[in-house]
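Report on one structure; see the data block that follows.
The values are calculated or read from the model by the stated rules, or taken from the named source; none is laboratory data. Quick caveat: nothing in here was measured; it's all calculated off a predicted structure. Every residue, glycine as well, gets a Cβ built from its backbone with ideal geometry; the counts of neighbours run over all protein chains shown.
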Amino acid sequence: MRARRATLLNLGKYKIAIPVVAVLVTAGPVIWFTSWLQKQGETEVSVLANWSVGITDANIDQAVSTLTSLAERGLDSCKSPGWDALRATVLATGIIKEISLVAPNGQTLCADTGSTFVDRETVVTAATATPDVVLDVVQFSDQSERMLRIRRALGRGKPSLAALIPAAPLLPHLMQGRQPLEGFAQLSMTDGTLIARSGKPGAPDSGLLVSEARSDRYGTVAKVATTRGSIVADYDDLRRIGVVVSAMFALAILFAALLLPRRLRNDPYYEIEQALAADQFVPFYQPIIDMKSGKLLGAEVLARWRKPDGSLVPPIKFIPVVESTPLILDMTRALMRKAIHDVGALLAQRPHIYLTFNTAPRHYTDSVILNDVGEIFDGSQIHFSQLVLELTERCALDNLSATRRVIASLQGLGCRVAMDDVGTGQNGLSYILKLGVDVIKIDKLFVESIGTDQNSQVIVETLVDLARNLRMQIVAEGVEEIEQVNYLREHGIVAAQGYLFAPPLPASAFVKLMQTMEPAAPSAEATAAAVQKAVAPTNRAAA
Ligand code: C2E
Ligand code: CA
Ligand code: CA
């Protein structure tokens with residue numbers, strides 16, 4: 001329970017931190033998504049560039065193997081048989097557009113398409129790829145696109161067999177749906193000769209994600225560049241989901257930030273802890289009267305919760321919660337310190353007047369009460385012998401013998417211990433017998449029923465006998481009628497508290513009452529001074 005409370009409280013204390021966390025949690029995914037997008041974009045352009053050089057190598061490989069098999073079939077001059085049937089074979093490859101025979105100077109001698117125009121193409125560059133394969137980048141006079149021509153040597157001084165492949169399919173598609181992405185893709189030879197290029201016209205060349213891949217196999221380089229915006233557009237759905245999720249997170253945390261303090265405000269434990277920190281628990285003092293002499297014997301300290309608006313909350317509203325938590329220890333300590341402050345000076349002059357404090361079973365585990373009493377009252381204006389610690393018989397005690405030891409230690413200091421609310425629980429008699437208390441307080445329930453309930457009277461009489469036998473004092477609680485006083489007195493009960501004498505009083509009222517009822521015994525100096533004052537005129541007259 002303590003741990004759970006602590007968590008709640010900590011959250012409460014860090015109320016300001018919650019909106020900060022909300023902002024961080026919201027900003028976190030955005031930052032993460034942005035950097036993820038950057039990485040994703042870099043990966044994508046690199047994949048596209050590698051794909052481009054890879055597909056180029058594969059197409060050239062296929063062209064070379066087609067040419068090799070044609071050469072093996074004896075296709076080595078324009079007159080060789082087989083040219084007529086070649087067209088179907090070429091088209092079947094899918095990638096080769098034309099097979100031709102090319103002179104060592106690069107001039108086309110004949111082709112399966114029948115095209116024999118000498119000046120129809122310009123060789124832009126020629127690169128020796130392998131000892132018997134040459135790669136040409138060719139530009140046709142009637143076409144804007146360049147093509148790749150793969151020449152396979154047929155022997156020294158002989159023409160070569162050549163295959164034409166279009167360059168455009170070797171470029172990656174920079175498309176998103178039907179929309180071209182911003183940026184460009186280009187394929188070139190390692191010497192820089194452009195083979196093909198695609199791109200959105202007017203695409204900015206700056207601020208792009210760029211990747212270059214090269215293949216040494218045939219000496220080609222692919223370069224792909226696209227804007228971050230294009231990549232982001234590719235992940236638009238993801239981005240939308242991200243925005244929704246982040247917004248949900250932000251809302252959830254904001255809700256927590258707004259609702260949690262309210263929840264904590266309604267949490268009685270939290271409220272009480274705050275009240276303790278704000279010093280809002282104050283002691284009231286209910287006088288305990290000697291019914292024989294009418295003198296003041298002492299007072300029971302009863303807690304009141306004074307709210308900032310000045311209203312007083314009675315113990316019934318908070319004591320049950322406080323007693324169920326360790327806060328009762330702090331609350332009792334606070335009341336004890338305040339009592340020293342309120343009435344310490346007066347009690348120092350009236351050593352026969354005592355104060356009683358209510359304690360809970362929790363006080364008796366680990367000797368808490370013993371340490372607290374020692375720490376708070378040792379050397380204070382209130383002597384240990386002026387202290388009575390009340391323990392109610394209503395609460396079950398976990399460990400009777402340990403409680404007994406603590407009580408004995410308190411008695412060793414000079415304090416007394418009272419059994420409170422006697423007669424209301426089932427433990428009364430056994431606690432009285434086993435714990436060795438000094439005082440028993442007869443509950444107001446019995447006092448109330450004096451004169452009406454025969455059973456109650458029997459119980460009161462039994463308790464009086466018991467107290468007498470065990471040499472314990474008796475205090476009667478809740479005395480409201482003079483008849484009750486008479487009855488109690490007849491039965492030998494001397495001490496009583498109740499509305500008939502006084503209700504629990506605030507410190508200032510109790511101080512006045514004490515000063516009136518029990519004037520402090522004059523000190524020797526004060527008596528001497530008073531005597532001197534009284535005799536002085538006589539002395540002067542005598543002189
Ligand atoms: P309690 O210890 O039995 O205290 C006596 C209660 O009876 C007080 O109620 C007191 O105001 C009330 N009372 C006194 N004379 C009369 C009377 O003539 N007629 C009636 N009807 N009632 C009278 P209060 O102050 O409301 O306290 C209620 C209970 O709260 C206390 O009962 C005690 O068990 C608990 N309590 C109060 N202060 C503390 C505290 O500091 N620590 C602990 N652990 N419990 C406390
Ligand atoms: Ca009490
Ligand atoms: Ca009581």
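Miscellaneous remarks
- Only one of the numbered conditions (1) in contact (Cβ under 8 Å) with a residue 40 or more places away in the chain; (2) within 16 Å of ligand 3 (Cβ to nearest atom); (3) of a type in the set (A, V, I, L, M, F, W, C) is violated by Ile316, and that is (1).
- Of residues in region 60-108 being in contact with a strand residue (DSSP E or B) (Cβ under 6 Å, 6 or more places away or on another chain) and part of a loop (DSSP other than H, G, I, E, B), the one farthest from Thr125 (Cα to Cα): Cys78
- Annotation note: Cβ proximity below 9 Å between a residue of region 507-521 that is closer than 13 Å to Pro287 by Cα and surrounded by 16 or more Cβ atoms within 10 Å (Cβ to Cβ) and a residue that is basic (Lys, Arg) and modelled with pLDDT of 95 or more (sequence gap 6+ or interchain) occurs for Ala507/Lys338; Met514/Arg350; Glu518/Lys295; Glu518/Arg350.
- Filtered by the rule that a residue be buried (at least 18 other Cβ atoms within 10 Å of the Cβ) and at pLDDT below 85, region 204-224 gives Leu208, Leu209.
- Region 115-169, residues that are modelled with pLDDT under 80 and in contact with a helix residue (DSSP H, G or I) (Cβ under 9 Å, 6 or more places away or on another chain): Ala129, Thr130
- All positions within region 424-438 that are surrounded by 21 or more Cβ atoms within 10 Å (Cβ to Cβ) and outside any helix (DSSP H, G or I): Val437
- Members of region 319-350 that are touching a Ser or Thr at 6+ places or on another chain (Cβ under 7 Å) and either of a type outside the set (Ser, Thr, Tyr) or without any contact (Cβ under 8 Å) to a residue 24 or more places away in the chain (or both): Ile340, Gly344
- Criterion (within 16 Å of ligand 3 (Cβ to nearest atom) and either in a strand (DSSP E or B) or over 28 Å from Val464 (Cα atoms) (or both)) met by exactly one of Leu391, Leu370, Leu347: Leu391
- Filtered by the rule that a residue be of a type in the set (Lys, Arg) and either at positive phi or surrounded by 13 or more Cβ atoms within 10 Å (Cβ to Cβ) (or both), region 129-162 gives Arg146, Arg149, Arg151, Arg152, Lys158.
- Scanning region 68-124 for residues that are without any contact (Cβ under 8 Å) to a residue 40 or more places away in the chain, buried (at least 16 other Cβ atoms within 10 Å of the Cβ) and of a type in the set (Asp, Glu), we see that the one that is farthest from Ala153 (Cα to Cα) is Glu121.
- Taken as a whole, the condition of being among the polar types (S, T, N, Q) and surrounded by fewer than 21 Cβ atoms within 10 Å (Cβ to Cβ) applies to Asn371.
- Residues that are part of a strand (DSSP E or B) and of a type outside the set (D, E, K, R) were ranked within region 440-488; the one that is farthest from ligand 3 (Cβ to nearest atom) is Gln473.
- Contact map, region 284-301: residues that are outside any strand (DSSP E or B) paired with residues that are hydrophobic (A, V, I, L, M, F, W, C) and more than 16 Å from ligand 3 (Cβ to nearest atom), Cβ distance under 9 Å, separation 6+ or inter-chain. Pairs shown: Met291/Val485; Met291/Val494; Lys292/Val494; Ser293/Val494; Gly294/Met517; Lys295/Met517.
- Among the residues of region 397-441, the one identified as in contact with a helix residue (DSSP H, G or I) (Cβ under 6 Å, 6 or more places away or on another chain), within 14 Å of ligand 1 (Cβ to nearest atom), touching a residue at least 40 places away in the same chain (Cβ under 8 Å) and closer than 15 Å to Met472 by Cα is Val422.
- Taken as a whole, region 398-418 holds at least one residue that is within 13 Å of ligand 3 (Cβ to nearest atom) and more than 45 Å from the chain's Cα centre (by Cα).
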